[in-house]
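Written below as structure tokens is the structure these notes are about.
The values are calculated or read from the model by the stated rules, or taken from the named source; none is laboratory data. Source: prediction; values computed, not measured. Neighbour counts run over all protein chains shown; Cβ positions are idealised from the backbone, glycine included.
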Amino acid sequence: MGLIYAVLMLASLHSFVASDYQGDALYALRTSLNASPSQLSDWNQNQVNPCTWSHVICDPNYNVVSVTLSSMGFSGTLSFKIGFLKSLTTLSLQGNGITGGIPEEFGNLTSLTSLDLENNHLTGQIPSTLGNLKRLQFLILSQNNLNGSIPESVAGLLPKLVSLQLDSNDLSGQVPVQLFQVQTYNFTGNHLNCGVNFSHPCQSNSANTDVSQKSKLGITFGIIGAVVGLLLLGGLLFLVWKSRQKGYRREVFVDVSGEDDRRIAFGQLKRFAWRELQLATDNFSEKNVLGQGGFGKVYKGVLADNTKIAVKRLTDYESPGGEAAFLREVEMISVAVHRNLLRLIGFCTTPSERLLVYPFMQNLSVAYRLRELKPGELVLDWPTRKRVALGTGRGLEYLHEHCNPKIIHRDVKAANVLLDEDFEAVVGDFGLAKLVDVRKTNVTTQVRGTMGHIAPEYLSTGKSSERTDVFGYGIMLLELVTGQRAIDFSRLEEEDDVLLLDHVKKLEREKRLDAIVDCNLRRNYDNQEVEMMIQVALLCTQASPEDRPTMSEVVRMLEGEGLAERWEEWQQVEVNRRQEYDRLQRRFDWGEESIYNQDAIELSGGR
């Protein structure tokens, strides 16, 4: 039983590892097919794991094995990037209006067993590279506008081909004699020369009374088989999960080397030995501290293989569930995979320590790039700031709307948005509030976050939601635009607005855009784009959480959809609010000599 369990666990190690290239390839197909906004709307370019997308089937290792987009009215072309899907077994695009040629890269689909492009408007020649598809059983190219001859490679190099449908095209030349050995074929409606094999040139063979129906049955049974296989393995994994509940630590980790405390964890996390991280960080030397926040210090480290890492040493950890609870939460974080989220690569636990290990981000944080640059380092330009805004938004959207259970960050700010080698935004510290005890009576530890970034309802009640993250994100947008901190007491010398939000609101009302934007940009920015980002930020930071947009709405507004209408509504609400505020001010403006009357009114209210 132990051996069977170990095998099952090893088989499932890769099940939560998403592949960037697979999502990119499928999204490229969606784009090239000219899909409308309502078609394949769940094919999200930034959700790198496509296995939850419609019309896509994956195997238990999260490899895409089937893509079926039949009769959906597409009019675009085929993307060559589909050739990247090396595990694809079924590709069905029949019944659309697809134009252009069949990319030669389709010859890279070495796992393909069924290719159905029937009833489109494809042109050009049949690629000779299709001869590389040694597992291909069904090749259906009927009712297109393909021309040229049938490649010799298709005739002689497809040993498993059982159905070849080339009818109703514009093909010409001699039909290779080997193709008459295929179980079912149809060459009619072309200009092909079939020699002396038929009294009526290139008719379908007698065995093929309904070739199209048979081929589709073959595809259907192939898909059904894949689904059944997934269900069977899913049942086995469910049994494994049930057994895990009785002894979480002992059963989640599989010993692979026996040295130190090195294990492979579910989701391909590495369990590091304490000594390993101690050596990597030079005994957690202060000179290696990258930053410090409410959850602890972050240290730069270098592993024995020269891999650079960032080690977060958690403080204030008093989880009542102990190590098992910590590991469950780590597992939850580890399966949140998105190009704009910081990837957890491992962890370490001791009786008194909890450490998380991440890849090192060489361009550090957005906060550093805005306010802590060293001489000679480049300022973040405006196009990069725009990318950071959109990337951060997409990462939070994934946490809120694509994770199950959803993950609330609780401390969204520029310091927690990191920058990779290409200056792309990577949201860090998500889910960490789940790893510490938030049920303490002390309010300062119960409310997780940073003053100036915390939503008012979270500060007053201690209850957080997705909309508290939206508030923090809005403040982060203001950081990007202004380069300033969320709270700046130096402004007390000139005005009352210590909070960045109040400061920007005031300048926005006065239409003083130049006074808002970071002076380090030296006016190298687009006024309209800056105004748009400020508007989104102010919509995100409304006092009432119900009035704030969701992160998916935020992303759409940053992409230019729906902002104008929402901003007009917000402005009207603000005008009404300020008029009411001014009315109340005039009503109770007694002056200093009336202070006792004012106290009397306050004391007499609300009995």
**Fill in**
Being touching a His at 6+ places or on another chain (Cβ under 9 Å) and either buried (at least 24 other Cβ atoms within 10 Å of the Cβ) or under 18 Å from Thr482 (Cβ atoms) (or both) narrows Leu396, Leu380 down to just Leu396
**Asked** Where in the range 70-176 are there strands (runs of 3 or more DSSP E), lying wholly inside it, with at least 1 residues that are touching a helix residue (DSSP H, G or I) at 6+ places or on another chain (Cβ under 9 Å) and surrounded by 17 or more Cβ atoms within 10 Å (Cβ to Cβ)?
**Response** 90-92, 114-116, 138-140, 163-165
**Request:** Go through the residues of the range 481-491 one by one and say whether even a single one is among the polar types (S, T, N, Q), buried (at least 18 other Cβ atoms within 10 Å of the Cβ) and not in a helix (DSSP H, G or I).
**Result:** yes
**Prompt:** Going through the range 27-69 one residue at a time, which ones are touching an Asp or Glu at 6+ places or on another chain (Cβ under 6 Å) and buried (at least 17 other Cβ atoms within 10 Å of the Cβ)?
**Reply:** Val48, Trp53, Val65
**Item:** Lone qualifier among Arg369, Arg385, Arg339 - being in the same structural domain as Leu419 (by TED's automatic domain parsing), touching a residue at least 12 places away in the same chain (Cβ under 8 Å) and crowded, with 21+ Cβ neighbours inside 10 Å
**Value:** Arg385
**Prompt:** Pairs under 7 Å by beta carbon, first residue at pLDDT below 90 in the range 170-199, partner aromatic (Phe, Trp, Tyr), six or more apart or different chains?
**Reply:** Val175/Phe187; Leu179/Tyr185; Cys194/Phe187; Asn197/Phe180
**Asked** Which one is modelled with the highest pLDDT, of the residues in the range 496-511 that are surrounded by 11 or more Cβ atoms within 10 Å (Cβ to Cβ) and not in a helix (DSSP H, G or I)?
**Response** Leu499
**Request:** Please tell me if Asn144 is modelled with pLDDT of 90 or more and of a type outside the set (Lys, Arg).
**Result:** yes
**Request:** For Lys434, indicate whether it is at pLDDT below 90, in the same structural domain as Leu539 (by TED's automatic domain parsing) and part of a loop (DSSP other than H, G, I, E, B).
**Result:** no
**Message:** Of the conditions (1) of a type in the set (Gly, Ala, Ser); (2) under 16 Å from the mean Cα position of the chain (by Cα); (3) at pLDDT 90 or above, Ser19 satisfies every one except a single condition; which number is it?
**Reply:** (3)
**Request:** Considering every residue within the range 315-324, establish whether at least one is at pLDDT below 80, touching a Lys or Arg at 6+ places or on another chain (Cβ under 8 Å), not assigned by TED's automatic domain parsing to the domain that holds Glu401 and not in a loop (DSSP other than H, G, I, E, B).
**Result:** yes
**Message:** Looking at the range 350-399 only, could you name the residues that are of a type in the set (Ser, Thr, Tyr) and assigned to a loop (DSSP other than H, G, I, E, B)?
**Reply:** Thr350, Ser352
**Message:** I'd like the full set of residues that are touching a helix residue (DSSP H, G or I) at 6+ places or on another chain (Cβ under 8 Å) and either of a type in the set (D, E, K, R) or outside any loop (DSSP other than H, G, I, E, B) (or both), limited to the range 28-43.
**Reply:** Ala28, Leu29, Asp42
**Message:** Scan the range 56-65 and tell me whether some residue there is hydrophobic (A, V, I, L, M, F, W, C), under 22 Å from Lys134 (Cα atoms), at pLDDT 75 or above and part of a loop (DSSP other than H, G, I, E, B).
**Reply:** no
**Asked** Given (1) under 22 Å from Gln22 (Cα atoms); (2) touching a strand residue (DSSP E or B) at 6+ places or on another chain (Cβ under 7 Å), where does Glu105 come up short, assuming only one miss?
**Response** (2)
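Does the range 527-540 contain at least one residue that is part of a loop (DSSP other than H, G, I, E, B) and either in the same structural domain as His400 (by TED's automatic domain parsing) or on the phi > 0 side of the Ramachandran plot (or both)?
no
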